[in-house]
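Here the structure comes first, spelled out in structure tokens, and everything after it is commentary.
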Amino acid sequence: MPITIKPMETDAEVRGKAYVHWKCWQTTYPGLVSQAYLDAFTLEKSQEKALLWRDNLLVAKDGDRVVGFAGYGDRGPEAPDVGEVFALYVLPAYHGTGVGQQLLDAALNRLSDYPRICLWVLRGNARAIRFYEKNGFHATGEELFNPRVDALEIRMIKER
């Protein structure tokens, strides 16, 4: 069945996005972020967060099942000429299938008015960093310590 990329609209899609978010953190980030944070980040908390953030979200669906999502938007007054990919998550079973690429392409398309696109990625997330580099992003040298998860993030940018 082909993957469909679409704006997140229904409550079922919100719940699916929450599951993807939770599952990806539990499978991708052990050893990269605080285990205490991961232990406290339950599916229920992911669902609460998903209900609060519904704008500028795309979901990847395999039939009726949400298998990935991307969040995008602008940087606001601090950088009016920079768009941002805030989130990109794909269930591990769909890694290497092109779903992540489809989501990134769709998010970049929605950010087409911006001459630069940035994102933040955990410093040790080699798979994600390689993926973004393959798509024309490069590390800027900026790092941000995220005390909430006790980890460093690096900023990557793509010039158009």
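Each value in this text was obtained by applying a stated rule to the coordinates, not by laboratory testing. The shown structure was predicted, so the numbers you read here are calculated from the model rather than taken from an experiment. Glycine also receives a Cβ, built like all others from the backbone with ideal geometry; neighbour counts cover every protein chain displayed.
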Exercise. Name the residues in the stretch 1-60 that are among the charged types (D, E, K, R) and not in a helix (DSSP H, G or I), would you?
Worked result: Lys6, Glu9, Arg54, Asp55
Exercise. Taking Tyr37, is it surrounded by 13 or more Cβ atoms within 10 Å (Cβ to Cβ), of a type in the set (Phe, Trp, Tyr), touching a Gly at 6+ places or on another chain (Cβ under 8 Å) and touching a residue at least 40 places away in the same chain (Cβ under 8 Å)?
Worked result: no
Problem set entry | Filter result (more than 13 Å from Lys49 (Cα to Cα), of a type in the set (A, V, I, L, M, F, W, C) and buried (at least 18 other Cβ atoms within 10 Å of the Cβ)) within the stretch 11-34 | Cys24, Trp25, Val33
Exercise. Does Gly124 satisfy being in contact with a strand residue (DSSP E or B) (Cβ under 7 Å, 6 or more places away or on another chain), more than 14 Å from Cys24 (Cβ to Cβ) and not basic (Lys, Arg)?
Worked result: no
Exercise. Checking Tyr114 against (1) assigned to a loop (DSSP other than H, G, I, E, B); (2) surrounded by fewer than 17 Cβ atoms within 10 Å (Cβ to Cβ), which test does it fail?
Worked result: (2)
For this session: List every residue pair whose Cβ atoms sit under 6 Å apart, with the two residues 6 or more apart in sequence or on different chains, where the first one lies in the stretch 49-67 and is in contact (Cβ under 8 Å) with a residue 12 or more places away in the chain and the second, anywhere, is assigned to a strand (DSSP E or B) and of a type in the set (Ser, Thr, Tyr).
Result: Asn56/Tyr72; Lys61/Thr4
Exercise. Can you name the residue in the stretch 1-34 that is among the β-branched types (Val, Ile, Thr) and touching a residue at least 60 places away in the same chain (Cβ under 8 Å) and, of all such residues, is farthest from Ala87 (Cα to Cα)?
Worked result: Ile3
